[in-house]
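Take a look at the structure set out below.
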Amino acid sequence: MLNYEPKFLVFCCNWCSYAGADLAGVSRLQMPPNFLVIRVMCSSRVRPEWIIKALMSGLDGVVVLGCHPGDCHYQTGNYYARRRMAITKKFLEYMGIESQRVQVSWVSASEGGKFAEVVTKVTKEMKEIGPNRLFTDERRGHGVKTT
Amino acid sequence: MKDEGMESKLRSEAKALLEQGKVDYIIGFEDGSLKFTTTPLMTSDKDDTSRLVINPFIVNNLSVFLTEVMGRVGIVAKGCDSRSIVSLVQDNKVAREDVVILGVPCLGIIDLGKVEELVGKGRDEIEDIIRDGDRVVIMASGNKREFPTREVLFDNCLSCELPTPQEYDILLGEPTSLADDRERAASQKKIDSLRDMTPEQRWEFWTSEFDRCIRCYACRNVCPACFCQQCFVEETEPQWLSPLPRWQDNLMFQVVRIIHVAGRCTDCGECERACPVNIPLRSLTRGMYDIVDVLFHYRAGMDKEAPPLLATYEATDAEDFIR
Amino acid sequence: MQKIRVGVFICHCGSNIASVVNVPQVVEYSKGLPNVVYAQENLYTCSADGLRSIKDKIEEYNLNRVVVASCTPRTHEPLFRDTCEEAGLNKYLFEFVNIREQCSWVHMNIKEQATKKAKDLVKMGVVKASFLEPQEEVKVPVEPASLVIGGGIAGMTAALNLANQGFDVHLVEKEGALGGLVRRLYRLFPTNEDAEELIRPIIERVRNHKEIEIHMPAIVKDVSGYIGSFDVTVEEGNSERRFKVGTIVVATGAQELKPYHGYYGYGAMFNVLTQLELEERLRRGINHVENVVMITCVGARIPERSYCSVFCCVTAIKNAILLKENTPTAKIYVLYRELMAYGAEFENYYRKAMEVGVRFIRCGLERPPQIIGNGKAAGVKVYDELFGEEVKLPSDMVVLTTPLVPYLENEQISRMLKVPLSEDKFFLEAHVKLRPVEFSTEGIYVCGSARWPADIAECISQAYAASSKAAIPMRKGFATVEPITSFVNESICVGCGNCALVCPFNAIEVQSQNGKRVAKVTAVKCKGCGGCVAACPSGAMQQKGFTDQQVMGMIDALVGRGIFNAQLRT
């Protein structure tokens, strides 16, 4: 798909990945503008409903970032997030949603570079798979544009 | 052990439980109003226990009633049903000591639809269906035909992992075993055909299936693992789903529901049976069941002491999906 | 019902934001957003002018929500919240939008897209703010008593510092005597003063202090609670003691690594010993020793244990000097890979060692020294990297310089207090630079070698720091908990307990209420991770400041749905 600009969400946990994103900013690492960050306190707060609603609404993807296992500010939050995100992502893939649309990564507070890298790569992958038309009415021939 | 033997044992045990005041209610099966069906029986009257039946048509997962009934309950449970009971105990929805499990070693439940298709006759033209071990005899319009039992069992019975309850108070018969690997493969046919499709085809398939969904919530209502008092679909702040049965919302409803019951779903198949528009829901629930099995080596309802799937973790949990 | 009146303040941040994002355009855009009754730009919102403008406009426009779009909440959120409070607005009705670190600074060459993105972010911020509810900070009382775990130099210093300020201190020591590692030392670098003479007065002061209660030998068996009221159970002999403290200082120290049997001959040859064993011998008094070979980095800076234990080199230097003083004719060699002698004093110390005739031989990891001998180390063969040849040194004594390693008990203490360990299993501080003597868990502090190998000066500095930090909440008498805690809608909760299971702080309990099971959150224990919310399928559990309604509102606004649908312009 040419010349389409994806739009996707990045859920960042306050203590690690959000700080990592800030560090990327402080380091002036340039990235594509296609992502929008929503801050949560911990990756364990992220729920599958948000991800599915985001895709249903026409956003092209969702990225969930958390602390590396063992480093969670709340000790165990990211372990639970890991399980929840695993089944969410795999089940959506089983249904036929492109695997690139839901991604998870661990970014620590010191990994500004990794944040930039993840965002840049995800943007590129989104461009390659094209815009999210999964939930458009045209699919079922209903004609009415809703998203 | 023959079904009749189990049946008479069940009736006497159930009556005794009520007489001795060990339970307040008995939940089991009685003959349905249509041929080859059963219907749930819930009673506190010891005389009603004479109506209890055990036969190849006791299909329902009665554990769904446990969260509604107050007091102590004696409940008839096949292997799969007992797993649902254990799952409810894990989630503190039911106290183990409040339940007397009347375990039924199960040989599989007969799918009338498959029978009708095999003999090419409707229910009213079939006089009798008799299971005899691994053969089933069907009397229809005066003719007698025999088939291997596994050809008429429900798909999920073919891959049954626990025919005999391992959690029970009274076992009504000798333990049985069921599926061998060949049969397991047969039960997965529909699901495997999905896996053979491309992601695009799969999505196309499901969007068309959920076009038919009328959001009756029968799947949710019949599922024992759905124990919430207020379902997420009833939430208004935020409103997750439009109440209109648009296929997009129907799909989201089912996807979220299946994620919510991940680790609780025992693949009893009730959701698919309950669906009035025949959406092959088990192909979805089994997909999640397998994901949970492969990722976490966890099967719902096998260990009442185990914490619920998403309320625990291992340091070695899968990370291959993380970039 | 009060109408939401949002005020939006877009910051230039000098040119940090304004040189990329078209701030006036974003201001105009904000004015058109639903619920926004006022929007302006600021050159520096955090300046006195900027803060005053917020206060003035809150009053003038009767704002009941404030959105500031500028840098990152991690810098100025507390400041802007306090500003709102000064203007009479509940400080938790404020929302911060990051358009610098995560927008202007990373999209410097794509100004149009950056501006568009800033508009989207502000839109999301306005919706979030609209759904915010006023919150009260929870204040918890703080018991003016402290638990200090560990009676070494760090623990004793911390205990004295707290006790001198009038706080009660429970000092728990697992050995039978106070003093920790210092008690086993002979002399101290770089002054060569007597270790016992340094530590004895400190031990006396601790023993005689009426505010310090010593539990010894004893271990901390259980800790529950939270800052201000920790319930501590100590096992002393056969009995248990229970008491309440407001803060905890972890000063458990570390232990010397004992080389495994055979490592450089240790255990197999009677004259191979560690530096600490040498100190103990020196204390008892030794005869003349003519040939000594010391090896540094034994079990340190190797693949299995890659860290440097900071002061073992200096210890080797110290003991080398002492041995030379003991036997002036002795030939003393120190085999090193790199020599760690940080700071002017230690460089001079190193130089002094060379001046008195200690020889330093540089060797490498690939060709480690070899101990020659059977039952006794008779000599050491080593490849001298600077010389470029293998040399053979006679040895009457071989001294292995090993690092400090964490106690195995650290794992149990970490789990008991719910504080993290680093990869090396030392205790991990909240922030290596900004918060080096405390844990993220409030009310618990750490100092000394428990955190990282520390010499006496470091132990004392850190102990002063940790105990001073501990004194703050105890002096104030209360601690505040940020009200981003979770709460239960009891009418829809079914008491399944999944929330309680995932809570890392045991802040949730399922209780029986009117015959029904329902989850209850102890707000003071809740740290606001939100894991319980995601674990609740029905939505009974929500988190203040991060409710589903707020987050979904942001997503809905982004895609142009909900109440914002008809009124959006891009």
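The values are calculated or read from the model by the stated rules, or taken from the named source; none is laboratory data. The structure presented is a predicted model; accordingly, all values stated were derived computationally and were not measured. Note that we place each Cβ from the backbone using ideal geometry, even for glycine, and neighbour counts take in every protein chain shown. What goes into the accessible areas is simple: the full protein's heavy atoms, side chains included, and nothing from ligands, DNA or RNA. Shrake-Rupley method; radii C 1.70, N 1.55, O 1.52, S 1.80 Å.
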**Qualifying position, being buried (at least 18 other Cβ atoms within 10 Å of the Cβ), small (G, A, S), within 22 Å of the chain's Cα centre (by Cα) and modelled with pLDDT under 95, among B:A140, B:A186, B:A179** = B:A179
**Request:** Determine if the range B:292-306 includes at least one residue that is without any contact (Cβ under 8 Å) to a residue 60 or more places away in the chain, over 18 Å from B:N60 (Cα atoms), touching a Leu at 6+ places or on another chain (Cβ under 8 Å) and open to solvent by 10 Å² or more (accessible area, probe 1.4 Å).
**Result:** yes
**Message:** Here is a list: C:F427, C:F487. Which entry is more than 30 Å from C:I332 (Cα to Cα) and touching a helix residue (DSSP H, G or I) at 6+ places or on another chain (Cβ under 8 Å)?
**Reply:** C:F427
**Request:** Six or more apart or on different chains, Cβ under 9 Å: which pairs go from a residue in the range A:121-144 that's acidic (D, E) to one that's open to solvent by 60 Å² or more (accessible area, probe 1.4 Å)? Could you list them?
**Result:** A:E128/A:M1; A:D137/A:V144; A:D137/A:K145; A:D137/A:T146; A:D137/A:T147; A:D137/B:R246; A:E138/A:V144; A:E138/A:K145
**Fill in**
All-but-one check, B:I130 against (1) in contact (Cβ under 8 Å) with a residue 12 or more places away in the chain; (2) open to solvent by 50 Å² or more (accessible area, probe 1.4 Å); (3) within 23 Å of B:S33 (Cβ to Cβ); (4) of a type in the set (A, V, I, L, M, F, W, C), failing number (1)
**Asked** How many residues does the range C:272-287 hold that are open to solvent by 20 Å² or more (accessible area, probe 1.4 Å) and closer than 15 Å to C:L188 by Cβ?
**Response** 2
**Item:** Positions within the range B:198-229 being within 9 Å of another protein chain (Cβ to nearest Cβ), open to solvent by 50 Å² or more (accessible area, probe 1.4 Å) and not acidic (D, E), in sequence order
**Value:** B:T198, B:P199, B:Q201, B:F205, B:Q229
**Request:** Out of the residues in the range A:99-127 that are at the interface with chain B (Cβ under 10 Å from one of its Cβ atoms) and among the hydroxyl-bearing types (S, T, Y), state the one that is farthest from A:W15 (Cα to Cα).
**Result:** A:S99
**Prompt:** Can you name the residue in the range C:368-380 that is part of a strand (DSSP E or B) and under 20 Å from C:G299 (Cβ atoms) and is also most open to solvent (accessible area, probe 1.4 Å) among such residues?
**Reply:** C:Q370
**Prompt:** Of all residues in the range B:12-31, how many are open to solvent by 40 Å² or more (accessible area, probe 1.4 Å) and under 14 Å from B:I170 (Cβ atoms)?
**Reply:** 5
**Asked** Is it true that some residue in the range B:149-169 is over 17 Å from the mean Cα position of the chain (by Cα), at pLDDT below 90 and open to solvent by 60 Å² or more (accessible area, probe 1.4 Å)?
**Response** yes
**Residue list for the range C:67-108, filter: of a type in the set (K, R) and not in a loop (DSSP other than H, G, I, E, B)** = C:R74, C:R81, C:R100
**Prompt:** So A:N132 fits all but one of (1) touching an Asp or Glu at 6+ places or on another chain (Cβ under 8 Å); (2) at the interface with another protein chain (Cβ under 8 Å from one of its Cβ atoms); (3) part of a loop (DSSP other than H, G, I, E, B); what number is the exception?
**Reply:** (2)
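Here is a yes/no grid of residues against (1) under 30 Å from C:V518 (Cβ atoms); (2) assigned by TED's automatic domain parsing to the domain that holds B:I138; (3) free of Cβ contacts under 8 Å to residues at least 40 places away in the same chain:
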position	(1), (2), (3)
B:M42	yes, no, yes
B:S50	no, no, yes
B:V53	no, no, no
B:G79	no, no, no
B:G103	no, no, no
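Here is a yes/no grid of residues against (1) out of contact with any Leu (no Cβ under 6 Å at 6 or more places or on another chain); (2) open to solvent by 30 Å² or more (accessible area, probe 1.4 Å):
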residue	(1), (2)
C:T233	yes, no
C:R242	yes, yes
C:Y264	no, yes
C:V289	yes, no
C:V298	no, no
C:I302	yes, no
C:I317	yes, no
C:L322	yes, no
C:T329	yes, yes
**Prompt:** Condition test on B:K46, is it among the basic types (K, R) and free of Cβ contacts under 8 Å to residues at least 60 places away in the same chain?
**Reply:** yes
**Request:** Determine which member of the set C:V142, C:V106, C:V148 is open to solvent by 10 Å² or more (accessible area, probe 1.4 Å), over 25 Å from C:K31 (Cα atoms) and among the aliphatic types (A, V, I, L, M).
**Result:** C:V142
**Asked** Among C:L434, C:L421, which is the only one that is open to solvent by 20 Å² or more (accessible area, probe 1.4 Å), without any contact (Cβ under 8 Å) to a residue 12 or more places away in the chain and among the aliphatic types (A, V, I, L, M)?
**Response** C:L434
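Suppose we filter C:N16, C:N42 for residues that are touching a helix residue (DSSP H, G or I) at 6+ places or on another chain (Cβ under 6 Å) and in contact (Cβ under 8 Å) with a residue 60 or more places away in the chain; which single one remains?
C:N16
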**Unmet criterion (only one of (1) closer than 18 Å to B:D169 by Cα; (2) basic (K, R); (3) in contact with a strand residue (DSSP E or B) (Cβ under 7 Å, 6 or more places away or on another chain)) for B:R51** = (1)
**Every residue from the range B:67-88 that is aliphatic (A, V, I, L, M) and either surrounded by 24 or more Cβ atoms within 10 Å (Cβ to Cβ) or modelled with pLDDT of 95 or more (or both)** = B:V73, B:I75, B:V76, B:A77, B:I85, B:V86, B:L88
**Request:** Might you check whether a residue that is surrounded by fewer than 22 Cβ atoms within 10 Å (Cβ to Cβ) and either aromatic (F, W, Y) or at the interface with chain A (Cβ under 8 Å from one of its Cβ atoms) (or both) occurs anywhere in the range B:266-286?
**Result:** no
**Message:** For the range C:60-95, which positions are open to solvent by 60 Å² or more (accessible area, probe 1.4 Å) and in contact (Cβ under 8 Å) with a residue 40 or more places away in the chain?
**Reply:** C:Y61, C:N62
